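So the structure is just underneath, and the comments pick up after that.
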Amino acid sequence: MGGFSPGSNPGSPTILNMPKEEIINPNTNTETKRDHLKDLFEEIGLDVEKINPNIMRKLRLLNEKTETFKDEERSLQVARSLFEYYKNRLADIRFTDQEQRVILIGTMFADIGKTGPKDATPEQEEIILDIYGVENIPDPNSITLLEFVSKYFPADAEKRLSSIETINKVRSNMTMREFYNLHSEWTFQIISGDGVPPEAVATAAVHHMVEGVNPEEIVGNDGRFTRFFGENVFFDRAEKLVIILDKYDGFRRRGKKGHKEAIALIRKKIKENPNFLNDREFEELLSNLDAMISENEQT
């Protein structure tokens, strides 16, 4: 994997030098007038000029319309700090440059699918972003897309549904959980072959594997990727950390859970999938993330 330096910018914030209230309370607004997107690309060694402009447009749209990109930014900060924790405390199992590469880039692009599919119209993008902007609905497994749109967007619910039902796999009678799960597939479609390093494409696309979301079956039964993603061959520690980071931030910000409760909820969620019931890599990552943040909160 040439051409990538995972080292962070010395001036960039990490969980180890962020104000303590931003670690304990991730609802703190860390947005500034800087171009975060450009800064983040520079920090993780990505050349904006090599990325398809439509991908950049969608990332900026995600940043403007939702809290999602700020979630990913916080996850990048936590990931860098965990890399340092392993380097200083667990050097024999420290993260390699390759792992850091796919984790950082995969995290940045994981939720770009929340803008809709690659070929979504501007109207469809707006509608889908509005849907993802409504957070913490009571039971996404029982409420349908029709019921959701009718409840939260009553003024023009029929028009909104008519627009997005032209998208493949979107149906008014699908549950909101089924709808939410589509964004992993849309992420995969958007970032494949358009300048995003292939090693990170798979990592971004499978960030909901714990829920059984395996876009286009790119993870085989043996854990090996069924398609070519450069030097990234297996669903392993890098992908698992992206999953953990995504869920950690979700439980902290959207769920408003404390650190220990967030860790416990992630562990419970992982064990609900029989494929990961006794997964040592997941457990090791969770335990070390817990230790790192708990130690920081006590300082």
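Within the range 235-294, the set of residues being of a type in the set (D, E, K, R), within 21 Å of K87 (Cβ to Cβ) and surrounded by 20 or more Cβ atoms within 10 Å (Cβ to Cβ) comprises E239, K240. For the range 203-214, state whether one or more residues are surrounded by 13 or more Cβ atoms within 10 Å (Cβ to Cβ), acidic (D, E) and part of a loop (DSSP other than H, G, I, E, B). Among the residues of the range 203-214, not one is surrounded by 13 or more Cβ atoms within 10 Å (Cβ to Cβ), acidic (D, E) and part of a loop (DSSP other than H, G, I, E, B), which makes the answer no. Could we say that E283 is more than 18 Å from A238 (Cα to Cα), part of a helix (DSSP H, G or I), out of contact with any strand residue (DSSP E or B) (no Cβ under 8 Å at 6 or more places or on another chain) and not aromatic (F, W, Y) here? No. Checking the stated criteria, R160 turns out not to satisfy the condition of being part of a loop (DSSP other than H, G, I, E, B) and farther than 30 Å from E231 by Cβ.
For the condition closer than 21 Å to T68 by Cβ, hydroxyl-bearing (S, T, Y) and either free of Cβ contacts under 8 Å to residues at least 60 places away in the same chain or buried (at least 19 other Cβ atoms within 10 Å of the Cβ) (or both), what is the one hit in T166, T144, T115, T96? None of the other options fit; the residue is T115. When the residues of the range 179-223 are narrowed to those that are touching a residue at least 24 places away in the same chain (Cβ under 8 Å) and among the charged types (D, E, K, R), which ends up farthest from V48 (Cα to Cα)? Only one residue fits best here, namely E211. For K240, the conditions (1) at pLDDT 95 or above; (2) at positive phi; (3) of a type outside the set (A, V, I, L, M) are fulfilled apart from (2).
With the structure loaded, tell me whether T121 is buried (at least 24 other Cβ atoms within 10 Å of the Cβ), modelled with pLDDT of 95 or more and hydroxyl-bearing (S, T, Y) or whether it fails that test. Judged against the criteria, T121 is not a match. Within the set F276, F235, the sole residue that is under 21 Å from M108 (Cβ atoms) and either in contact with a strand residue (DSSP E or B) (Cβ under 8 Å, 6 or more places away or on another chain) or of a type outside the set (S, T, N, Q) (or both) turns out to be F235.
Do the conditions hold for E295, that is, is it in a helix (DSSP H, G or I) and at pLDDT 95 or above? Here the answer is no, as E295 does not meet what is asked. Quick check: anything in the range 55-65 within 15 Å of T115 (Cβ to Cβ), loosely packed, with under 14 Cβ neighbours inside 10 Å and modelled with pLDDT of 65 or more? Checked against the condition, which is being within 15 Å of T115 (Cβ to Cβ), loosely packed, with under 14 Cβ neighbours inside 10 Å and modelled with pLDDT of 65 or more, the range 55-65 yields at least one hit.
Among residues of the range 262-278 that are at negative phi, those with a beta-carbon under 9 Å from a residue that is hydroxyl-bearing (S, T, Y) and buried (at least 16 other Cβ atoms within 10 Å of the Cβ) at least six positions away or on a different chain give the pairs A262/Y248; I263/Y248; I266/Y248. Quick check on the range 230-237. Is at least one of its residues part of a loop (DSSP other than H, G, I, E, B), of a type in the set (V, I, T) and farther than 20 Å from E283 by Cα? Within the range 230-237, one or more residues are part of a loop (DSSP other than H, G, I, E, B), of a type in the set (V, I, T) and farther than 20 Å from E283 by Cα.
The values are calculated or read from the model by the stated rules, or taken from the named source; none is laboratory data. Bear in mind that the values here come from a model prediction, so they are computed numbers and not experimental data. For neighbour counting, all protein chains shown are included, and Cβ atoms are generated from backbone atoms with ideal geometry for every residue, glycine included.
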